[in-house]
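The values are calculated or read from the model by the stated rules, or taken from the named source; none is laboratory data. Quantities reported herein were computed from a predicted structural model and do not represent experimental measurements. Here the Cβ positions follow ideal geometry from the backbone for every residue, glycine too, while neighbour counts run over all protein chains shown. With ligands, DNA and RNA removed, areas are computed over all heavy atoms of the protein, side chains included. Shrake-Rupley method; radii C 1.70, N 1.55, O 1.52, S 1.80 Å.
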Protein chains: 2
Amino acid sequence: MTSVSELTDHTGFRMRMVSNAVSQAFARKVEAEGVTVAEWVFLRALYNTAPMPPSVLAGSMGMTRGAISKLADRLLEKGLIERTDSPSDKRAHSLSLSAEGQAKVPVLAALADENDAAFFGVLTPAEHRQLDHLLTVLAERSGLRAAPVD
Amino acid sequence: MTSVSELTDHTGFRMRMVSNAVSQAFARKVEAEGVTVAEWVFLRALYNTAPMPPSVLAGSMGMTRGAISKLADRLLEKGLIERTDSPSDKRAHSLSLSAEGQAKVPVLAALADENDAAFFGVLTPAEHRQLDHLLTVLAERSGLRAAPVD
DNA sequence: TATTGTTATACTCTATAACTATA
DNA sequence: TATAGTTATAGAGTATAACAATA
């Protein structure tokens, strides 16, 4: 019989604990740059790619079209992305980084580097590689290819 | 010089991706039991412990008192926790699981087991142990002892 | 004055579904 | 009819800060 005191520690629980701490710290950092974490993921997805319709972004970010639409509105207001109407389909358009957005991505990436260093720097290089490997395996075997957002 | 195409994959980013997928799947599972993930964490924190004032819970869950207050309201409405006024301090009270809450925790824990198995079962036992170890190291060295909530 | 806890306000993220315009 | 995208609505989570009651 299983008594309640034997509640196991769940890997998912522990991962959430670490991941949330990392993300919250990162959120503070990018806030100083005037963007949210979701906006960073959005900008990152557009970096070095051809302009993309929102529907494609929704798929690659693992978000609904409605959520993408709201995010895109904010980024347009901030002047970080641009919208280009499709010449062939009057319903459709593509999104791409503006010059300002283009310039902002490396700045945000540097903050992500800093944040990673602060949290994962406590691991030995071998441990850090191990972790990356395990996360990659988990993402691949679970069919993930998208960006997490919250 | 660093060109934009060399944007590294961040460990924090990858972890968030995996963690979010795990959490979202878990959220679906506990939803069937009528609770949210935050409520599960709350109930779990009260399991097998002495009654706790909300301020202590806030600390151990890494949430503000305001957030705990809202969560506690919901759990009281659902009849899963109980409130006991402090005899010595008329401002204070303690929270504990109701009989129903007590009974619910193992059910939710079983769902967490299932969820862990579904996601981390793709790892070999050795890899799974490695991951647990790494997450524990990260949590400890980052001063985390709390539960993530979002 | 300081502390316990609640409440008010506000924002992000998310999802569902209704809706508009075009195909 | 189907598709691209927007908008409306709602709910969960979070934080800050003002507030009430008590210490």
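Could you grab me the full set of residues in the stretch B:79-106 that are away from chain A (no Cβ under 11 Å), β-branched (Val, Ile, Thr) and under 17 Å from the mean Cα position of the chain (by Cα)?
B:81, the sole residue that qualifies.
Scanning the stretch B:87-113 for residues that are within 30 Å of residue A:22 (Cα to Cα) and touching a residue at least 40 places away in the same chain (Cβ under 8 Å), which turns out nearest to DNA strand C (Cβ to nearest atom)?
Taking the candidates together, the pick is B:95.
A quick yes/no check of all residues on (1) in a helix (DSSP H, G or I); (2) buried (at least 21 other Cβ atoms within 10 Å of the Cβ):
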position: A:55; (1), (2): yes, no
position: A:63; (1), (2): no, yes
position: A:69; (1), (2): yes, no
position: A:79; (1), (2): no, no
position: A:89; (1), (2): no, no
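Looking at (1) surrounded by fewer than 20 Cβ atoms within 10 Å (Cβ to Cβ); (2) closer than 21 Å to residue B:18 by Cα, which is the one condition that is false for residue A:38?
Single failed check for residue A:38: (1).
Does the stretch B:24-40 contain any residue that is without any contact (Cβ under 8 Å) to a residue 12 or more places away in the chain, farther than 23 Å from residue B:142 by Cβ, within 10 Å of another protein chain (Cβ to nearest Cβ) and within 11 Å of DNA strand C (Cβ to nearest atom)?
yes
Identify, by number, the condition in (1) away from every other protein chain (no Cβ under 11 Å); (2) at positive phi that residue B:62 doesn't meet.
(1)
What's the number of the condition residue B:18 fails, among (1) surrounded by 13 or more Cβ atoms within 10 Å (Cβ to Cβ); (2) more than 13 Å from DNA strand D (Cβ to nearest atom); (3) away from chain A (no Cβ under 14 Å)?
Answer for residue B:18: the failing condition is (3).
Pick out the one residue from B:84, B:49, B:136 that is assigned to a strand (DSSP E or B) and either away from DNA strand C (no atom under 13 Å from the Cβ) or open to solvent by 50 Å² or more (accessible area, probe 1.4 Å) (or both).
B:84
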